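K.L.:
Sending over a structure as structure tokens; questions will come in a sec.
The values are calculated or read from the model by the stated rules, or taken from the named source; none is laboratory data. Remember, it's a predicted structure, so these values are computed and weren't measured experimentally. FYI the Cβ positions are ideal-geometry reconstructions off the backbone, even for glycines, and counts take in every protein chain you see. Surface accessibility is based on the protein's heavy atoms, side chains included, excluding ligands, DNA and RNA. Shrake-Rupley method; radii C 1.70, N 1.55, O 1.52, S 1.80 Å.
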Amino acid sequence: MKHSFQALGTTWWIEIFQDLTETTQDEVKDFVLSYVSTYEQNYSRFQPDSLVSTLNRDRTVVNPTSEFVQLLEYGKRLYLRSDTHFNLLTGHILESKGYDADYTFTTSGPALGPGNPVIDLHISPDLITLTGDANLDLGGFGKGYLVDLLARQLQHTHRIEQFLINGGGDMYATHNNNQPITIHLEHPTKPGVMITNTTLYNNGFAASSPHRRVWENSTGTHTHIIADTLTADATFIKAATTADADAFATAALMMNQHQIEQLVKTERLAVAQFNAQSEQLKSTKNFSS
Amino acid sequence: MPYIIAFVIIIVAAGALLLFRQPVEVPAEPVAAEIAEVSAEEATGFPEGFTPPTEQPPAASPSTEPAALETDTVIEVETTEEVVLEVSTETTTENRTFVAEASYFTPRRTEHDLIITLELEGETIVASNITYDGGPAITPAHSGFDGAYSAEIIGQNINEIDLSRVGGASLTSVAFNEAVADIRAQL
């Protein structure tokens, strides 16, 4: 079964390698669409009534859902796990650059710096508060987090073992009849050109590149990645979860080689970085396996 | 005569050995070659970043040979073993506490000693404490600094700490920076 749909501003593919009855296939399709739609309603910065928009606007959410608490705690932890390179309090910067709910892509004034998740974001089961001027944005890991949630639902609720979930490039794959699943890595500036391939087997994958989602306006060229300098044109990460791969793919773009080495050791990642000018791909030994 | 018979036996044995020797073992195919690949047809339509190749991999040199895989280089981050990917996401990073001392003289040649304690998670400062001349902040400069410096360092990467006149205390800020440099060297 292979099913495709649009959600969270990108194309999604659900591919199931084992045989399913037509009834089960329909149930899975309906479930996935409903699940993804609910997630988008709850957590998209572009949905005015989402929990994220509510927190950004009201600076507090009383009696949040446990899922929202876990999502934010996970995002806050990413800030520490990445040695501050991944920051979920950058929504206001993206908005000021024009990456807003209306996709105006028009600069709306000077941007403040990113927030400080350690002191600005307070999370408890009963109350979430956001101090300072920064806004929350889950774009750096939210899609990967959803891929992981879907994977768990397919495995535990629908008892499906062999599948690939691809949410606009953020993937989780189990296996295809106990065989790894091969994916292709695309050149960041030459659509359709393959750099290399790798395999997934019960793990997540994500890529990040400043050459994707680029827009220009009167103040210059902008990208969704908030950083002064980047160390690669594309980063590809394999991790235990898609959310980890999603977040660390972005964070690794801002890290030097020593920092990436530390991250690989601490988080047990497989990493590949591509330099478009030299057409060179550097990868950890475990990336191609 | 026995020598001739022995010589003939040796020749016959050597010939038999050559005739019935097992063929040289064929090297095993690389594991990667055994991995079932998703066919181009199956992969068609993958969204951004994962479409199947429509061109040869980019060449790294003017050579006409596809060279992308040949020019791959490996970051030597794994020195002893391959990373197992099926691992828990629970990280075992523990907070570490560092202590450093710094001192400075005021224009009136009064010396002040600071003992700075920082708690780090990875490279991020998550807690701090300072004793000023063996106790809490008393002087106006120390009190000003003590009331303001936490907001400047908590949640920040220690490699990016560089305070300046925090709370109006320029000399205390410089001494603090020296202590942070000392701690940075301990990492």
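K.L.:
I need the helices (runs of 4 or more DSSP H) fully contained in the range A:1-92, keeping only those with at least 2 residues that are under 16 Å from A:LEU130 (Cα atoms) and open to solvent by 60 Å² or more (accessible area, probe 1.4 Å).
P.N.:
Because the criterion is at least 2 residues that are under 16 Å from A:LEU130 (Cα atoms) and open to solvent by 60 Å² or more (accessible area, probe 1.4 Å), the helices (runs of 4 or more DSSP H) in the range A:1-92 that meet it are A:51-58, A:66-81.
K.L.:
Scan the range A:167-178 for residues that are in contact (Cβ under 8 Å) with a residue 12 or more places away in the chain and either over 19 Å from A:LYS143 (Cα atoms) or within 7 Å of chain B (Cβ to nearest Cβ) (or both) and jot them down.
P.N.:
Of all residues in the range A:167-178, those in contact (Cβ under 8 Å) with a residue 12 or more places away in the chain come to A:167-177.
If the condition is that a residue be in contact (Cβ under 8 Å) with a residue 12 or more places away in the chain and either over 19 Å from A:LYS143 (Cα atoms) or within 7 Å of chain B (Cβ to nearest Cβ) (or both), then A:GLY168, A:GLY169, A:HIS175, A:ASN176, A:ASN177 are the ones that fit.
K.L.:
When the residues of the range A:121-159 are narrowed to those that are of a type in the set (Asp, Glu) and at pLDDT 95 or above, which ends up least open to solvent (accessible area, probe 1.4 Å)?
P.N.:
So in the range A:121-159, the residues of a type in the set (Asp, Glu) come out as A:126, A:133, A:137, A:148.
Narrowing further to those that are at pLDDT 95 or above: A:126, A:148.
On the way: A:ASP126: 100, A:ASP148: 15 Å².
The qualifying residue least open to solvent (accessible area, probe 1.4 Å) is A:ASP148.
K.L.:
Here is a follow-up. With respect to A:ALA207, determine if the residue is at the interface with chain B (Cβ under 8 Å from one of its Cβ atoms), closer than 21 Å to A:GLU279 by Cβ and at pLDDT 90 or above.
P.N.:
Numbers: at the interface with chain B (Cβ under 8 Å from one of its Cβ atoms): yes; closer than 21 Å to A:GLU279 by Cβ: yes; at pLDDT 90 or above: yes.
Yes; evaluated as a whole, the condition is true for this residue.
K.L.:
Kindly indicate whether A:ASN166 is in a strand (DSSP E or B), crowded, with 24+ Cβ neighbours inside 10 Å and not aromatic (Phe, Trp, Tyr). Explain how you work it out, then say what you get.
P.N.:
Working: in a strand (DSSP E or B): yes; crowded, with 24+ Cβ neighbours inside 10 Å: yes; not aromatic (Phe, Trp, Tyr): yes.
Yes: the conditions hold for A:ASN166.
K.L.:
Now for a different question. Every residue in the range B:116-134 that is more than 12 Å from chain A (Cβ to nearest Cβ), open to solvent by 30 Å² or more (accessible area, probe 1.4 Å) and within 16 Å of B:SER150 (Cβ to Cβ), please.
P.N.:
Matches in the range B:116-134: B:THR117, B:ASN129, B:THR131.
K.L.:
Can you tell me which residue in the range B:135-171 is farthest from the other protein chains (Cβ to nearest Cβ), limited to those that are more than 21 Å from B:PRO107 (Cα to Cα) and over 35 Å from the mean Cα position of the chain (by Cα)? Spell out how you get there, then give the answer.
P.N.:
As a first pass, look at the range B:135-171 and keep what is more than 21 Å from B:PRO107 (Cα to Cα): B:135-136, B:147-162.
So of that shortlist, the ones also over 35 Å from the mean Cα position of the chain (by Cα) come out as B:135-136, B:147.
Working: B:GLY135: 26, B:PRO136: 22, B:GLY147: 15 Å.
Once the filter is applied, the top-ranked residue is B:GLY135.
K.L.:
Starting from residues that are free of Cβ contacts under 8 Å to residues at least 24 places away in the same chain and among the hydroxyl-bearing types (Ser, Thr, Tyr), keep the ones in the range B:145-187 and report whichever is surrounded by the fewest Cβ atoms within 10 Å (Cβ to Cβ).
P.N.:
Just the residues of the range B:145-187 that are free of Cβ contacts under 8 Å to residues at least 24 places away in the same chain, to begin with: B:146-148, B:150-152, B:160, B:162-166, B:170, B:177, B:181, B:185.
Okay, now just the ones that are also among the hydroxyl-bearing types (Ser, Thr, Tyr), so B:150, B:164, B:170.
Numbers: B:SER150: 16, B:SER164: 9, B:SER170: 15.
My answer is B:SER164.
K.L.:
Please go through (1) at pLDDT 95 or above; (2) within 9 Å of chain B (Cβ to nearest Cβ); (3) in contact with a Ser or Thr (Cβ under 8 Å, 6 or more places away or on another chain); (4) closer than 27 Å to A:MET254 by Cβ for A:ASN197 and return the number of the only condition it doesn't satisfy.
P.N.:
(1)
K.L.:
Which residue is farthest from the other protein chains (Cβ to nearest Cβ), if the candidates are limited to the range A:237-266 and must be part of a helix (DSSP H, G or I) and open to solvent by 20 Å² or more (accessible area, probe 1.4 Å)? So that I can check it myself, show each step before the final result.
P.N.:
The initial filter retains those residues of the range A:237-266 that are part of a helix (DSSP H, G or I), namely A:242-252, A:257-266.
In the following step, the residues that additionally are open to solvent by 20 Å² or more (accessible area, probe 1.4 Å) were identified as A:250, A:257-259, A:261-262, A:265-266.
On the way: A:THR250: 14, A:GLN257: 7, A:HIS258: 10, A:GLN259: 9, A:GLU261: 4, A:GLN262: 8, A:LYS265: 7, A:THR266: 6 Å.
Top of the filtered list is A:THR250.
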